[in-house]
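Okay, so here's the structure we're looking at.
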Amino acid sequence: MPKPRVVLGVGGGIAAYKVCEVLRRFTESGHDVQVVPTAAALRFVGAPTWEALSGHPVSTEVWDRVSEVPHVRLGQSADLVLVAPATADLLAKAAHGLADDLLTNTLLTARCPVVFAPAMHTEMWEHPATRENVATLRRRGAIVLDPAVGRLTGADSGPGRLPEPAEIFEAAVAVLRRGGSLPEDLLGLRVVISAGGTREPLDPVRFLGNRSSGLQGYALAAAAVARGAEVTVVAANVTLPDPAGAKVIRVGTALELRDAMRAAAVDAQVIVANAAVADFRPKNYAESKIKKSDEHSAPVVELVQNPHVLRELGRDRLAPGQTVVGFAAETGDERDSFLDLGRRKVAAYGVDLLVVNEVGADKVFGQQVTQGVIVGADGVETEVPLGSKRALADAVWDRVAQLRGSGVAEA
Ligand code: CTP
């Protein structure tokens, strides 16, 4: 399915800086966004920022790249036009069909849903002219969000504040989904994903850890959000920005991860265990930093085994009809290939799907690319060629959607 196309019109208000966050959420969740700022908007946030965040050049006037007829093409090809912040002036122009720059032209040619997120001073929002303009736009089918109530630019406060970026994003995505522009095969599915790597403390400053970055787990989360799922991520020591639209629960150790996963699993239809969970933890935790006693001696650290969280989840199935997906990093040995080792684990862990990665000194950890084989308990094996972690994530969700039929959530 092609990426949904969003035109993000930016009006000339101080809240334009908050719209950078809205843009980031769109691009990170797989939308193709063309930013169309007004000339006044560029006085608040410059073109390089919009271009860098969207990956496309921006222009404000109809006179740039005229041969491409942008004032018609942008509106015609968009799946959604979002205007944020929508100033009193922009609302007035839209209500009256004025078209004196690229954004207002785009609004006239758009045949897709249009969402306005207003931001202005309370007096302007409450002025009868603005009220009538908003009523006109709503009557014609545009969605005009109500501004938030709170602190405005100066010392004053009241209705007129731009809604929070997360709220604007959610509202826009809901409109796209209703318009059929988003893939819906995971719509409403509650999924829990573990990501990152656990750290098992030895003393207040030291831990046993691993190199997992969380990139694959976060790619799984972003892909699931984009396909309509309700996503909870149990993140073990991940320093990446939170995936847009997902709920993130932070944990440190394997035992914390186990508790968080089991609590979330009770209410989930799909579990994906992607975190690198430490198999062992130090038996004793030293309350104060372990010191060297002399030049030659070194302490011996006794380890105990951690529970195997995935094996427990595969066995216990904490919600009826739950789909459980694991990951296995294998090197293979002289007797068995990495894939043979993976196949055996499908039954041993009682999972529905196992993503088997071949690992080695330079493979997978911390890298942007990956490859693997998705092995199903039903015997179906899907090879995922070397590509982005997002591509592997989408291949996993394809298999999950297949296994669950329509992918629509059960009660
Ligand atoms: N896993 C887990 N709990 C553990 C260890 C691993 O839930 N204590 C999960 C990981 O999230 C991942 C899968 O199990 O989904 C990884 O399995 P694997 O690498 O096979 O785990 P190991 O126990 O390290 O396997 P091996 O004994 O072969 O090294």
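Regarding Ala275, is this residue under 30 Å from Ile168 (Cβ atoms) and in contact (Cβ under 8 Å) with a residue 40 or more places away in the chain? No, not satisfied. Any residue in the range 293-320 that's over 13 Å from Ala254 (Cα atoms): show its pairings with residues that are in a loop (DSSP other than H, G, I, E, B) and polar (S, T, N, Q) at Cβ separation under 9 Å, as long as the two are six or more apart or on different chains. Close Cβ pairs satisfying both conditions: Pro299/Ser293; Val301/Asn284; Glu302/Asn284; Leu313/Gln322; Ala319/Gln269. Considering Ala286, Ala264, Ala244, Ala260, the condition of being part of a loop (DSSP other than H, G, I, E, B), open to solvent by less than 90 Å² (accessible area, probe 1.4 Å), under 30 Å from Glu170 (Cα atoms) and touching a residue at least 24 places away in the same chain (Cβ under 8 Å) is satisfied by Ala244 alone. Helices (runs of 4 or more DSSP H) fully within the range 1-114 that include at least 3 residues being open to solvent by 30 Å² or more (accessible area, probe 1.4 Å) and touching a Ser or Thr at 6+ places or on another chain (Cβ under 9 Å): 70-77, 88-96. Somewhere in the range 131-152, is a residue small (Gly, Ala, Ser) and part of a helix (DSSP H, G or I)? So far as the range 131-152 goes, yes, one or more of its residues are small (Gly, Ala, Ser) and part of a helix (DSSP H, G or I).
Among the residues of the range 290-300, just one is open to solvent by 100 Å² or more (accessible area, probe 1.4 Å) and at pLDDT 90 or above, namely Val300.
Selection of first residues in the range 138-159 that are on the phi > 0 side of the Ramachandran plot and of second residues that are aromatic (Phe, Trp, Tyr), restricted to Cβ pairs under 9 Å at least 6 apart or on distinct chains, gives the following pairs, ordered by first then second residue: Gly158/Trp125. Taking the criterion of being free of Cβ contacts under 8 Å to residues at least 24 places away in the same chain, more than 10 Å from the ligand (Cβ to nearest atom) and out of contact with any strand residue (DSSP E or B) (no Cβ under 6 Å at 6 or more places or on another chain), the residues of the range 337-351 that qualify are Ser337, Asp340.
Filtering Pro299, Pro307, Pro320 for residues that are more than 16 Å from the ligand (Cβ to nearest atom) and within 31 Å of the chain's Cα centre (by Cα) leaves a single hit, Pro320. Summed over the range 321-336, residues that are assigned to a loop (DSSP other than H, G, I, E, B) and free of Cβ contacts under 8 Å to residues at least 40 places away in the same chain total 6. Pairs linking a residue in the range 52-71 that is in the same structural domain as Thr109 (by TED's automatic domain parsing) to a residue that is at pLDDT below 75, with Cβ atoms under 8 Å and 6 or more positions apart or on different chains, are Ser59/Pro70; Val62/Pro70; Val62/His71; Asp64/Pro70.
Checked against the criterion of being more than 22 Å from the chain's Cα centre (by Cα), more than 25 Å from Asp316 (Cα to Cα) and aromatic (Phe, Trp, Tyr), the range 203-214 has at least one qualifying residue.
The values are calculated or read from the model by the stated rules, or taken from the named source; none is laboratory data. Note that the structure is predicted; figures quoted are calculated from it, not measured. Note that we place each Cβ from the backbone using ideal geometry, even for glycine, and neighbour counts take in every protein chain shown. These accessible areas exclude ligands, DNA and RNA; they are computed on the full protein's heavy atoms, side chains included. Shrake-Rupley method; radii C 1.70, N 1.55, O 1.52, S 1.80 Å.
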